[in-house]
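**Student:** Sending over a structure as structure tokens; questions will come in a sec.
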Amino acid sequence: MEFDQHVPFFRAFGQQLVDWAQVGSGHHVLDVGVGRGANLFPAAARVGPSGRVVGIDAAAGMITGTTHAIRAEGLTHAQVALMDAACLDFPDCTFDRVLSGFTLHMLPDPTTTLSEIYRVLNPGGIVALSLPGPHPDRRWDRYGELIGQYVADVDRARWPDWPAHDWSQLLEEAGFTHGDMVNRAVEIPLESPESFWRGEMAHGMRGFIEALPPASRAAFQDDVLGWLRNMEPLTLSRGAWFYKAEKLLA
């Protein structure tokens, strides 16, 4: 997990998402948008060898890296595959749990993806999502302000303007019931401003940064690093909304 080598942000939320989804021994689990395995590895530990965890991602580089990590861990009950989340290549009623960490808000068609998740879940199964949410450290509001200052320079062909969604409503429209949501947060010490920047360039934020023209990209980096150099103590604050819903028993 390249980002987590710099800042263990996804890993911290991944363990919380597995807990939130009530993943248990022997469960068959699908992780949509597996990335470098922030959800997959804690899920694999939870289900044990009697269970199974499958991660999918549309980025070939993520699949290659996570495949190597799975082999290094010696896991025989976890695997990953290159796949479109809007067209899941699994039979109906295959999984007991479906996880998706910080992925659905960046998909062009989350409605279809949720319908596909519903299809591949067993009756009584649970879907659990994490999506960006509010954070407790108001100092980090400044980062959002800096992004807002540069967003007008972004090449929208490379970084679309994703619409906001009512995720509870989308889950209900897909057929799920017994929905629940909660706000979670993590506070992580940062080694340096530069370690934060390296982390941003190792996950989805890289798309925003690279969609800026070179001059704006350099100015944005200078502004971010300059702001962080004055932060004391230097800690990352991240928040997330966790959603959970169930597919009714037949």
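**Student:** So, of the residues in the stretch 195-250 that are acidic (Asp, Glu) and within 23 Å of the chain's Cα centre (by Cα), which turns out to be surrounded by the fewest Cβ atoms within 10 Å (Cβ to Cβ)?
**Tutor:** Glu210
**Student:** Further question on the same structure: Is there a residue in the stretch 75-96 that is small (Gly, Ala, Ser) and closer than 16 Å to Glu172 by Cα?
**Tutor:** No, the stretch 75-96 has no match at all.
**Student:** Right, next: Considering only the stretch 61-88, state which residues are in a strand (DSSP E or B) and over 14 Å from Pro42 (Cα atoms).
**Tutor:** Answer for the stretch 61-88, where residues must be in a strand (DSSP E or B) and over 14 Å from Pro42 (Cα atoms): Val80, Ala81, Leu82.
**Student:** Right, next: Tell me, please, whether a residue that is surrounded by fewer than 17 Cβ atoms within 10 Å (Cβ to Cβ), in a helix (DSSP H, G or I) and in contact with a Lys or Arg (Cβ under 7 Å, 6 or more places away or on another chain) can be found in the stretch 41-57.
**Tutor:** Among the residues of the stretch 41-57, not one is surrounded by fewer than 17 Cβ atoms within 10 Å (Cβ to Cβ), in a helix (DSSP H, G or I) and in contact with a Lys or Arg (Cβ under 7 Å, 6 or more places away or on another chain), which makes the answer no.
**Student:** Out of the stretch 188-246, which residues are more than 24 Å from Asp57 (Cβ to Cβ), charged (D, E, K, R) and touching a strand residue (DSSP E or B) at 6+ places or on another chain (Cβ under 7 Å)?
**Tutor:** Result: Glu246, single match.
**Student:** Determine whether the stretch 132-141 contains at least one residue that is without any contact (Cβ under 8 Å) to a residue 24 or more places away in the chain and under 23 Å from Met205 (Cβ atoms).
**Tutor:** Yes: the stretch 132-141 contains one or more residues that are without any contact (Cβ under 8 Å) to a residue 24 or more places away in the chain and under 23 Å from Met205 (Cβ atoms).
**Student:** Out of Ala21, Ala38, report the one residue that is touching an Asp or Glu at 6+ places or on another chain (Cβ under 9 Å), buried (at least 20 other Cβ atoms within 10 Å of the Cβ) and of a type outside the set (S, T, N, Q).
**Tutor:** Just a single option satisfies the conditions, and that option is Ala38.
**Student:** A follow-up question, please. Among the listed residues Ala69, Ala86, Ala81, identify the single one that is surrounded by 16 or more Cβ atoms within 10 Å (Cβ to Cβ) and farther than 28 Å from Trp197 by Cα.
**Tutor:** None of the others qualify; the one that does is Ala86.
**Student:** List the residue pairs whose Cβ atoms are under 8 Å apart, where the first residue sits in the stretch 104-130 and is touching a residue at least 12 places away in the same chain (Cβ under 8 Å) and within 17 Å of Lys244 (Cβ to Cβ), the second is in a helix (DSSP H, G or I) and of a type in the set (D, E, K, R), and the two are 6 or more positions apart or on different chains.
**Tutor:** Once the first residue is touching a residue at least 12 places away in the same chain (Cβ under 8 Å) and within 17 Å of Lys244 (Cβ to Cβ) and sits in the stretch 104-130, its partners that are in a helix (DSSP H, G or I) and of a type in the set (D, E, K, R) give Leu114/Glu173.
Values in this text are rule-based calculations from the coordinates and carry no lab data. Worth saying up front: this structure is predicted, and the values here are computed from it rather than measured. Using ideal geometry, Cβ is built from the backbone for each residue, glycine included, and neighbour counts are taken over all protein chains shown.
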